[in-house]
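Just below is one structure, and these are the notes that go with it.
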Amino acid sequence: MLAGTGALVRSAVPLAELTTLRVGGPATVADCATTESLVATVRALDAAEVPVLLVAGGSNLLVSDDDVASVVVRIATEGVEFGAGSVTAEAGANWDGVVAASVRAGFGGLECLSGIPGSAGATPVQNVGAYGVEVDRLLRRVRLLDRATGEIDWVTPDTLAFGYRTSRLKHSDAAVVLAVEFTLHPDGTSAPLRYRELAQRLGAAEGETRPAAAVRETVLGLRAGKGMVLDPADHDTWSAGSFFTNPVVPDAEVDRVLAAIRDRLGDVPVPTYPGVGGVKFSAGWLIERAGFAKGFPGPDAPARLSTKHTLALTNRGDATTADIVALARTVRDGVAEGFGVVLVPEPVTVGVEL
Ligand SMILES: Cc1cc2nc3c(=O)[nH]c(=O)nc-3n(C[C@H](O)[C@H](O)[C@H](O)COP(=O)(O)OP(=O)(O)OC[C@H]3O[C@@H](n4cnc5c(N)ncnc54)[C@H](O)[C@@H]3O)c2cc1C
């Protein structure tokens, strides 16, 4: 079925080898190293009505331990090209490589998104964000393969329904991102610094800018301290990053949640931020205050909260997907019981449900 597509097909590949949580059962994997091969492979599988799972860096995926009943199309394209004030990257290009190359080339704009694992093409999927910047602010256009029509087109960001860690591409089989293009600052200055901890480290006031290279270095340092830069030797980074999104509590329910927090913790300052349609609470804060310390449930467990950051669920070496799911349920249920807020996972789950 995939003859002539240019894909390299391998069977019974453990998805644990392709995900940063290093869990996931076996699947047939079709590696696509060119955009032509990626398009031909997805079109052929769609025509044959074979379920497809797109995987690039595997850093936002939690896949079942059982046989994965889809062909995994692994996006392994790599091209990156700079224009006057822009960068265009093929979907499989390593994201941090794109950011590093932009900064090296003297461009600003993407530096707050340094150190995020995974691919350029996945960044619009959940509107990747960190340190006060989300990709939709800088995206100029996205090249999509529409899987219903088979057509390929560049679309503008306004068509992608971006929100906090979401877009119309997330939890959807409608399209494949083939390439992304970003507008950059040709003068090498950073995006305005919106994240207090980052601005303070750079000796800047919030809203000021700094040279992109200095911001990148500072972001990488902050992220490493939280186990948020991949390091094979550090199990705190065998994760999918933040496992839960920060919950946006609708305005009408905010008083109830604050009352539940007061009942349990007394009159403590509660970190909150403005959210769309409500108030955003910090998932990490809620998890910790619900009684789950860093490293929970303890040194012998195969799946634990990171010892650096309560929001990351980590594999200590031989965890299975079932172990990660059990830990996620315990944490979610503890926060729901404590404060009446149901946390929602940020990674895409395949063949498993919390
Ligand atoms: C240590 C660590 C830190 C992280 N920090 C952050 C952070 O600060 N901010 C943040 O937003 N995220 C963060 N993440 C999550 C993750 O890195 C991002 O979501 C990243 O964009 C995922 O890219 P990927 O290539 O690994 O995607 P995958 O995990 O391979 O795929 C994720 C989803 O996108 C789909 N997908 C992938 N490529 C395409 C494509 N070309 N077209 C259509 N669909 C596609 C997949 O089918 C899947 O549903 C972190 C993860 C880790 C492990």
*Between a first residue in the stretch 113-131 that is in the same structural domain as residue 103 (by TED's automatic domain parsing) and a second residue that is polar (S, T, N, Q) and near the ligand (Cβ under 6 Å from one of its atoms), which pairs have beta carbons less than 7 Å apart while being 6 or more apart in sequence or on different chains?*
117/20; 117/59; 118/59; 118/60; 122/60; 126/60
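Conditions tested, residue by residue: (1) out of contact with any Lys or Arg (no Cβ under 7 Å at 6 or more places or on another chain); (2) modelled with pLDDT of 95 or more; (3) closer than 25 Å to residue 343 by Cα.
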position: 202; (1), (2), (3): no, yes, no
position: 208; (1), (2), (3): yes, yes, no
position: 212; (1), (2), (3): yes, yes, no
position: 235; (1), (2), (3): no, yes, yes
position: 240; (1), (2), (3): yes, yes, yes
position: 259; (1), (2), (3): yes, yes, yes
position: 264; (1), (2), (3): yes, yes, yes
position: 280; (1), (2), (3): yes, yes, yes
position: 284; (1), (2), (3): yes, yes, yes
*Working only within the stretch 145-174, note down all residues that are surrounded by 20 or more Cβ atoms within 10 Å (Cβ to Cβ) and near the ligand (Cβ under 8 Å from one of its atoms).*
169
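The values are calculated or read from the model by the stated rules, or taken from the named source; none is laboratory data. If you're wondering where the values come from, they're calculated on a predicted model, not measured in any experiment. We place every Cβ from the backbone using ideal geometry, glycine too, and count neighbours over all the protein chains shown.
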